[in-house]
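*Asks:* One structure, as C-alpha cells, below. Some questions next.
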Amino acid sequence: MNDPMRSDIFSLNDRQPTPKRGSLLIAKPSVDDYVFERSVIMLVDPDEGDGAMGVVTNRLTGLTLADVLPEIETPEEIPVYLGGPVGHSMLFFLHTLGPQAFPECEDLGNGVYFGGKFEAVKAYLELGEPTEGKIKFIVGYSGWGANQLADELERHDWAVWNGDIDHSLLMDTDDSGAWKRAVQLFGDRYRLWLTIPHDPSNN
C-alpha cells in the first residue's frame, strides 16, 4: 500500500504548475548533481517550443567579479555564482534596480530583473554604488531543449513556484539557506524536505 505522505512530499508525485518567466524551480532533495543539488533556479525563458533557460541563484563559484572581469575596479569583493552547466564563458546578472538603472533589462517579476546594458552596469560599479542585495553576477546558465523541462517535471525532478517571493531570497549573498527558504514557500506540504540530510546514509 502506498504511503500518501511519502508519495506527495518525497517523490513529488503531485502535478506541478506550468513554469513561466520568473518561476522558481526548486530541486527535490534527492538530486545529487553538484550544480543542481538543492538548487534554486530562476527561470528566465520558459519553454515555448524551442527550449527553456534559467540560472541557478544559490551556488557560489568561489570567484569574485575581479577574477572574471579584472578590468573593472570595484571597492569591494563581489562574489560570482554558477548559473548552470552551460556557457561558462558567459556572464549574466540578476538585479533589483530595474530599467532606470540598467536599460533593456527583462522584468522577471517580484522586483527582480535580468540583464541590461552592460555599459550601465560597469558605470554603476565603477562609481562604487552598493551591490549587496541589489546585483548578483552569474557565470553560465541552465538550459533545456524543447520539451525537456516538461519531461523533468513529469519525472518530478522539480517543484515549481509561480507565486510571490521576497526578492532577498534570490539576491542574498549568503547562499546556504536559500534552498530551505524556497522550500518553505510551499508550507507544510513540503516541510519534511527540510529534515532530509544531504547524505541519506546519515539519516
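*Asks:* Where in region 130-150 does the label zone of D50 land, with the point 7 angstrom along Cα→C-beta and an amide N cut-off under 20 Å?
*Replies:* 141-150
*Asks:* Please work out how much length the chain gains when fully extended from S89 to T173, using 0.36 nm per residue of separation minus the C-alpha to C-alpha distance, in nm with one decimal.
*Replies:* 28.1 nm
*Asks:* Something else about it: Please report, in debye to the nearest 20, how large the charge dipole of region 9-91 is about its Cα centre when each Lys and Arg carries +1 at its beta carbon and each Asp and Glu carries -1 there.
*Replies:* 460 debye
*Asks:* In nm, to one decimal, how far is the E73 label point from the K122 one, both placed 7 Å along Cα→Cβ?
*Replies:* 1.5 nm
*Asks:* Right, here's the next one. Separation of region 70-140 and region 144-159 by C-alpha centroid, Å?
*Replies:* With region 70-140 and region 144-159 each reduced to a Cα centre, they are spaced 28 Å.
*Asks:* Taking 1 over the mean of 1/r across every pair of different Cα atoms in region 117-203, what Kirkwood radius in Å do you get? Write out the running numbers ahead of the final one.
*Replies:* On the way: mean 1/r = 0.0608 Å⁻¹.
The Cα-based Kirkwood calculation yields 16.4 Å.
*Asks:* By what distance, in whole Å, do the Cα atoms of the chain stretch along each of the three principal axes, largest value first?
*Replies:* Here the spans come out as 63, 40, 28 Å, largest first.
*Asks:* Still on this model: About the Cα centre of the chain, how large is the charge dipole given +1 on each Lys and Arg Cβ and -1 on each Asp and Glu Cβ? Please answer in debye to the nearest 20.
*Replies:* Details: 16 positive and 33 negative charges, 112 e Å.
Dipole about the Cα centre, nearest 20: 540 debye.
*Asks:* Distance in nm between label sites at E132 and N162, each 7 Å beyond Cα in the beta-carbon direction?
*Replies:* 3.7 nm
*Asks:* Shifting gears a bit: How would you rank 180-187, 60-67, highest first, on the average number of other Cβ atoms within 10 Å across their residues?
*Replies:* 180-187, 60-67
Bear in mind that the values in this text are calculations on the coordinates, not laboratory data. Because the structure is a prediction, the values reported are computed rather than measured. Here the Cβ is made from the backbone with ideal geometry for all residues, glycine too, and neighbour counts use every protein chain on show.
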